[in-house]
Amino acid sequence: MKEWQDGTLVLNQPAGHVENNESILEAVIRETKEEAGWLVTPIGLLGIYALTPFVGADTYHRICVLCEPVAPTNTALDPDIVSSHWLTFEEIMAQPHRSPLIKTCLEDSLNNPIISLSLLSNQHLSAVP
């Protein structure tokens, strides 16, 4: 998907926060639907990453999940998203990225084994009052 960042159109992967009472895999499915306009089935974990973009900045943690496309949703994308695309590795690498983690995740998808989703608990735990 493409979005604007500091006046430049950049490529990004669907990403976001896990909402209250939502599992990681539920968030993956929701964010991909909202930001890319696709229903997906998570099939594997690529990795868990951390990025501090500059000194003094917050550290961002990314859980990168490999998904199979199921079908386009034909619903409106989030307002911040300009467009959604399926691209080859070469096409993705030739464009500006929102984050260096995009390149890292893609390279890992080609070079590293896919990790079982069983590593992630698909259960959301809440504190009992």
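Give me the residue from segment 66-83 that is hydrophobic (A, V, I, L, M, F, W, C) and surrounded by 14 or more Cβ atoms within 10 Å (Cβ to Cβ) and, out of that set, nearest to LEU9 (Cα to Cα). Break it down stepwise before answering.
Residues of segment 66-83 that are hydrophobic (A, V, I, L, M, F, W, C), as a first pass: 66-67, 70-71, 76-77, 81-82.
Then drop every residue that is not surrounded by 14 or more Cβ atoms within 10 Å (Cβ to Cβ), which leaves 66-67, 77, 81.
Numbers: LEU66: 24, CYS67: 24, LEU77: 16, ILE81: 10 Å.
Step by step, filter segment 66-83, then rank; the result is ILE81.
Would you confirm whether or not segment 84-97 contains a residue that is loosely packed, with under 13 Cβ neighbours inside 10 Å and part of a strand (DSSP E or B)? No, there is no match, as no residue in segment 84-97 is loosely packed, with under 13 Cβ neighbours inside 10 Å and part of a strand (DSSP E or B). Looking only at residues in segment 39-83 that are hydroxyl-bearing (Ser, Thr, Tyr) and not in a loop (DSSP other than H, G, I, E, B), the one that is nearest to TRP4 (Cα to Cα) is SER83. Could you check, for segment 56-65, whether at least one of its residues is closer than 17 Å to GLU31 by Cα, at pLDDT 85 or above, in contact with a Phe, Trp or Tyr (Cβ under 6 Å, 6 or more places away or on another chain) and surrounded by 14 or more Cβ atoms within 10 Å (Cβ to Cβ)? Yes - at least one qualifying residue is present in segment 56-65. The single residue among LEU39, LEU45, LEU25, LEU66 that is in contact with a Lys or Arg (Cβ under 8 Å, 6 or more places away or on another chain), hydrophobic (A, V, I, L, M, F, W, C) and closer than 22 Å to TRP86 by Cβ turns out to be LEU39.
With the structure loaded, tell me whether TYR49 is crowded, with 16+ Cβ neighbours inside 10 Å and among the aromatic types (Phe, Trp, Tyr) or whether it fails that test. Lay out the reasoning, then the answer.
Working: crowded, with 16+ Cβ neighbours inside 10 Å: yes; among the aromatic types (Phe, Trp, Tyr): yes.
The answer is yes for TYR49.
Scanning segment 1-32 for residues being without any contact (Cβ under 8 Å) to a residue 60 or more places away in the chain and crowded, with 17+ Cβ neighbours inside 10 Å gives a total of 7.
If you filter segment 69-83 down to residues that are in contact (Cβ under 8 Å) with a residue 12 or more places away in the chain and not aliphatic (A, V, I, L, M), you find that the one that is nearest to VAL40 (Cα to Cα) is PRO69.
Note on segment 98-127: residues that are surrounded by fewer than 10 Cβ atoms within 10 Å (Cβ to Cβ) and of a type in the set (Ser, Thr, Tyr) total 2.
The values are calculated or read from the model by the stated rules, or taken from the named source; none is laboratory data. Just so it is clear, the structure is predicted and the values come from calculations on it, not from any experiment. When we count neighbours, we look across all protein chains shown, and the Cβ atoms used for this are built from the backbone with ideal geometry, even at glycine.
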